[in-house]
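Let me begin by presenting the structure, written as structure tokens, before commenting on it.
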Amino acid sequence: MNWITNYVKPKLQAFVGKKEVPDNLWETCPKCSQMLLKKDLDITLYVCKHCDFHFRVSAKKRLELLFGSNYIIIETPKIKPDPLNFKDNKKYTERLKDAQKKNSSNDSVVVASGTLGKIKLTAAIFDFNFMGGSMGMAAGEAIISACEHSRKNKLPLAIFSSSGGARMQEGILSLMQMPRTVIAVNSLSKLNLPFISVLTDPTTGGVSASFAMLGDIIIAERNATIGFAGSRVIEETIKEKLPQNFQKSEYLAEKGMIDIVVHRNELNKKIQNILEFLL
């Protein structure tokens with residue numbers, strides 16, 4: 001609990017009436033701990049006005065930031081849930097249902113077709129809110145569907161990654177999506193269709209080890225965590241201290257692993273300029 005909850009909110013409720021003060025009025029910045037009004041975050045594209053921290057955004061919000069209202073959702077193949085009958089302290093089917101209800105989506109990747117400026121393109125968006133943006137069979141099929149839509153309609157493709165990696169509840173079937181998605185995105189080059197890979201916080205595990213690092217142009221948002229294994233695991237394995245900001249987008253750009261780091265409020269224009277040059 002904090003002073004906003006204990007002091008400010010009760011005062012607001014007393015002043016305007018409890019029903020007029022929603023519970024989700026404020027958002028705390030994870031970096032600087034400043035309290036931000038959510039309506040202000042909408043204006044700043046979910047970037048903290050105090051420290052420039054880039055909040056994670058849902059797939060729906062990302063589509064709105066990219067296309068506004070000028071897009072259509074592309075249906076992706078329905079996959080039989082829980083192929084391994086996986087259960088830890090909770091059934092996988094129950095976890096899926098909870099995530100689907102919470103996020104109003106079928107799985108961690110949403111595919112859409114829209115217009116950015118005057119350029120039509122296909123976009124596949126990972127949603128970290130859906131089981132950590134993990135890539136299972138449904139997500140793999142969604143990426144493949146996005147590639148197929150681009151090939152069929154001769155459109156460039158942009159994939160916005162935000163993922164913890166392969167979905168452990170699907171075991172080897174999840175890992176199989178790595179080569180499948182690599183083959184799918186590589187097929188675009190045969191038709192000279194650009195593939196823009198946008199890495200957002202975090203892009204890790206099997207996603208970073210497959211299609212996410214294969215873009216014709218690889219863009220990263222500021223201060224995004226990008227890598228395969230976590231830094232703590234690496235340090236414990238090699239018995240060495242890693243450099244400061246290791247696996248952050250700025251560090252990777254300096255080392256040549258990605259092409260450019262872009263502030264969110266400049267991202268649309270940058271993608272548009274790149275596609276205008278490539279098409």
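The values are calculated or read from the model by the stated rules, or taken from the named source; none is laboratory data. Only a predicted model underlies this, so the values are computations on that prediction, with no experimental measurement involved. Note that we place each Cβ from the backbone using ideal geometry, even for glycine, and neighbour counts take in every protein chain shown.
With respect to (1) under 18 Å from the mean Cα position of the chain (by Cα); (2) touching a residue at least 12 places away in the same chain (Cβ under 8 Å); (3) not in a loop (DSSP other than H, G, I, E, B), the lone exception for E64 is condition (2). The listed residues are I271, I234, I238, and the only one of them that is of a type in the set (V, I, T) and within 30 Å of K190 (Cα to Cα) turns out to be I271. How many residues does segment 131-147 hold that are within 16 Å of I79 (Cα to Cα) and out of contact with any strand residue (DSSP E or B) (no Cβ under 8 Å at 6 or more places or on another chain)? Total meeting the criteria: 4. Whenever a residue of segment 156-169 is modelled with pLDDT of 95 or more, its partners that are of a type in the set (K, R), lying with C-beta atoms within less than 7 angstrom and at least six residues away or across chains, give the pairs F160/R62; S162/R56.
On the given criteria, is I143 under 23 Å from D201 (Cα atoms), of a type outside the set (K, R), at pLDDT 95 or above and part of a helix (DSSP H, G or I)?
On the way: under 23 Å from D201 (Cα atoms): yes; of a type outside the set (K, R): yes; at pLDDT 95 or above: yes; part of a helix (DSSP H, G or I): yes.
Yes.
Inside segment 71-95, residues that are touching a residue at least 24 places away in the same chain (Cβ under 8 Å) and surrounded by 12 or more Cβ atoms within 10 Å (Cβ to Cβ) make up a count of 11.
Yes/no matrix, rows are residues, columns are (1) closer than 21 Å to V262 by Cβ; (2) charged (D, E, K, R):
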residue	(1), (2)
C29	yes, no
L41	yes, no
K61	yes, yes
K78	no, yes
K87	no, yes
Y92	no, no
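Among the residues of segment 203-225, those that are farther than 19 Å from P179 by Cα, under 12 Å from the mean Cα position of the chain (by Cα) and assigned to a strand (DSSP E or B) comprise A220, E221, T225.
Tell me which residues, restricted to segment 47-76, are over 17 Å from L155 (Cα atoms) and either touching a Pro at 6+ places or on another chain (Cβ under 7 Å) or among the aromatic types (F, W, Y) (or both). Correct list: F53, F55. Can you find even one residue in segment 148-159 that is assigned to a helix (DSSP H, G or I), in contact with a strand residue (DSSP E or B) (Cβ under 6 Å, 6 or more places away or on another chain), farther than 16 Å from S210 by Cβ and not aliphatic (A, V, I, L, M)? Yes.
Looking at segment 194-215, can you tell me whether even one residue there is touching a Lys or Arg at 6+ places or on another chain (Cβ under 8 Å), in the same structural domain as N85 (by TED's automatic domain parsing), at pLDDT 95 or above and of a type in the set (F, W, Y)?
No, the conditions are met nowhere in segment 194-215.
Residues being crowded, with 23+ Cβ neighbours inside 10 Å, in contact with a Phe, Trp or Tyr (Cβ under 9 Å, 6 or more places away or on another chain) and more than 20 Å from P77 (Cα to Cα) are entirely absent from segment 230-239. Do you know which of the residues in segment 86-123 that are among the acidic types (D, E) and part of a helix (DSSP H, G or I) is farthest from the chain's Cα centre (by Cα)? Checked segment 86-123; the qualifying residue farthest from the chain's Cα centre (by Cα) is E94. Of the residues making up segment 171-186, at least one is buried (at least 22 other Cβ atoms within 10 Å of the Cβ), in the same structural domain as A99 (by TED's automatic domain parsing) and within 14 Å of A123 (Cβ to Cβ).
Selection of segment 188-204 for residues being out of contact with any Ser or Thr (no Cβ under 9 Å at 6 or more places or on another chain) and in contact (Cβ under 8 Å) with a residue 40 or more places away in the chain yields P194, I196. Considering segment 239-267, and only residues there that are in a loop (DSSP other than H, G, I, E, B) and touching a residue at least 12 places away in the same chain (Cβ under 8 Å), the residue that is nearest to T204 (Cα to Cα) turns out to be Q247.
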